[in-house]
1. Project the alpha carbons of the chain onto their principal axes and report the range along each, largest first, in whole Å.
2. Once you list every other residue whose beta carbon is under 14 Å from the beta carbon of VAL55, what net charge do they have if Lys and Arg are +1 and Asp and Glu are -1?
3. Near SER17, within a Cβ-to-Cβ distance under 12 Å, what is the net charge of the other residues, with Lys and Arg +1 and Asp and Glu -1?
4. Using packing as a proxy for protection, rank 42-48, 24-30 so that the peptide with the highest average count of other Cβ atoms within 10 Å comes first.
5. Calculate for the chain the 222 nm mean residue ellipticity that helices alone would give, adding -39,500 (n - 2.57) per DSSP H run of length 4 or more and normalising by residue count, nearest 500 deg cm²/dmol.
6. Once you have the Cα-Cα distance between ARG90 and THR37, take 0.36 nm times their residue separation minus that, and quote the gain in nm to one decimal.
7. For the chain, calculate the relative contact order in percent as a whole number, restricting contacts to Cα pairs under 8 Å that are 6 or more residues apart.
8. Could you calculate the FRET efficiency of ARG54 with MET1 from 1/(1 + (r/R0)^6), where r is the beta carbon distance between them and R0 is 22 Å, rounded to 0.05?
Amino acid sequence: MEHYTFILYVAGDGELSSRARANFDRLIAARLLGRFTLTVVDILAEPAAARRNRVVATPLLVRDRPPPLVKILGDLSQEATILARLGLDRDPPAPGRLDGPMPEEGP
């Protein structure tokens with residue numbers, strides 16, 4: 001099974017950032033349990049990362065692996081479009097993961 005690598009660029013803890021994180025959990029994490037890595041980059045705290053990666057708007061989800069690189073701008077609320085762009089429209093959510101975000105990872 002393929003391992004996926006995502007970067008989610010956000011600007012602070014505002015409503016759009018929160019919705020993008022929740023929608024990632026609901027749509028993507030629920031389908032890829034144990035098969036993905038997500039790095040969240042707050043461009044307000046790390047402006048150099050935004051410049052280096054040419055991020056001009058947020059929230060922005062980048063699928064780095066597997067190729068090809070895919071960039072999706074917005075709060076990830078367009079379920080069918082998001083899943084199709086990421087090639088996940090054939091993967092059903094894992095049982096028991098249909099509603100609610102994934103629990104926060106501990107230290």
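Readers should treat all values here as calculations from the given coordinates under stated rules, not as data from a laboratory. Computed from a predicted structure; not experimentally measured. Note that we place each Cβ from the backbone using ideal geometry, even for glycine, and neighbour counts take in every protein chain shown.
1. The principal-axis extents, from largest down, are 38, 29, 28 Å.
2. Working: positive: ARG51, ARG52, ARG54, LYS71; negative: ASP42, GLU46, ASP64.
Residues close to VAL55 contribute a combined charge of +1.
3. -2
4. On the way: 42-48: 13.1, 24-30: 21.0.
The packing order, highest mean first, is 24-30, 42-48.
5. Working: 3 runs with 23 residues, N = 107.
Using -39500 (n - 2.57) per qualifying helix, the result is -5500 deg cm²/dmol.
6. Values: separation 53, 0.36 × 53 = 19.08 nm, distance 1.98 nm.
Additional length available on full extension: 17.1 nm.
7. Numbers: 157 pairs, mean separation 41.7, N = 107.
Once divided by the residue count of the chain, the mean separation gives 39 percent.
8. Details: r = 31 Å, r/R0 = 1.41.
With a Förster radius of 22 Å, E is 0.10.
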